[in-house]
Each structure stands twice: as C-alpha cells, then as structure tokens.
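**Q** The structure that follows is given in the form of structure tokens.
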Amino acid sequence: MSNRYIDPWGTGMNNDNAKKPAPHAYWIHEKIKVKQSVTGYYYLPDCTCSNCGYYSRRELPVCLNCNALMDEKPPKR
Ligand SMILES: [Zn+2]
C-alpha cells in the first residue's frame with residue numbers, strides 16, 4: 001500500500017476528511033438470482049461502498065462514510 005494519493009481538486013475539499021485524501025471507489029450492487037432476467041441476475045438499487053462497505057439505498061457521487069470518489073469502474077465479471 002502506498003501512502004501517496006492523488007487529490008483531484010488539489011484542495012482537500014472543505015470537510016472533516018480533508019486530512020485524508022479521498023480514495024477512489026465504486027458502488028457494489030447487491031444482486032439476486034431471477035429466472036426472468038437475461039443474465040440470470042437482477043441488480044438492486046441498494047449498494048455498498050467498495051472502499052469501506054458503507055451501505056446506501058442509491059448511488060451517490062461520493063461515499064458519505066469514507067469520502068471516496070465513486071468514479072471507479074466496477075470490475076467486470
Ligand atoms: Zn466508503
């Protein structure tokens with residue numbers, strides 16, 4: 001693990017997490033098996049942060065818990 005992060009705004013933003021540079025993460029959607037779906041799965045709007053596991057009812061641009069920027073592409077499976 002490297003301690004070097006890129007601060008996309010260069011300012012650290014004006015919040016409590018300013019001392020911790022924002023990591024990049026993505027939302028992990030819960031999926032359930034459904035026969036009707038082409039892929040066999042249905043992705044729920046509920047999602048969790050890939051960085052800290054914070055649960056959200058919908059996708060947000062930034063994680064409210066760890067301040068991660070949710071601009072990462074989820075890994076393809
Ligand atoms: Zn998070």
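Since every read-out is calculated from the coordinates, none of them should be taken as a lab result. Only a predicted model underlies this, so the values are computations on that prediction, with no experimental measurement involved. Note: ideal-geometry Cβ built from the backbone for every residue, glycine included; neighbour counts use all protein chains shown.
**Q** Apply the Karplus parameterisation 6.51 cos²θ - 1.76 cosθ + 1.60, with θ equal to phi minus 60°, to every residue of segment 27-38 and state each ³J(HN,Hα) to the nearest whole Hz, in sequence, with x for glycine and proline.
**A** 8, 9, 8, 5, 10, 10, 6, 9, 6, 5, 7, 5
**Q** For segment 23-77, what ratio Rg/Rh do Cα atoms give with a Kirkwood hydrodynamic radius?
**A** Computed over Cα atoms, the ratio is 1.03.
**Q** Which order, highest average first, do 37-45, 64-72, 21-29, 51-59 follow once you tally other Cβ atoms within 10 Å for each residue and take the mean per peptide?
**A** Values: 37-45: 10.9, 64-72: 16.1, 21-29: 17.8, 51-59: 12.9.
Descending packing order for the listed peptides: 21-29, 64-72, 51-59, 37-45.
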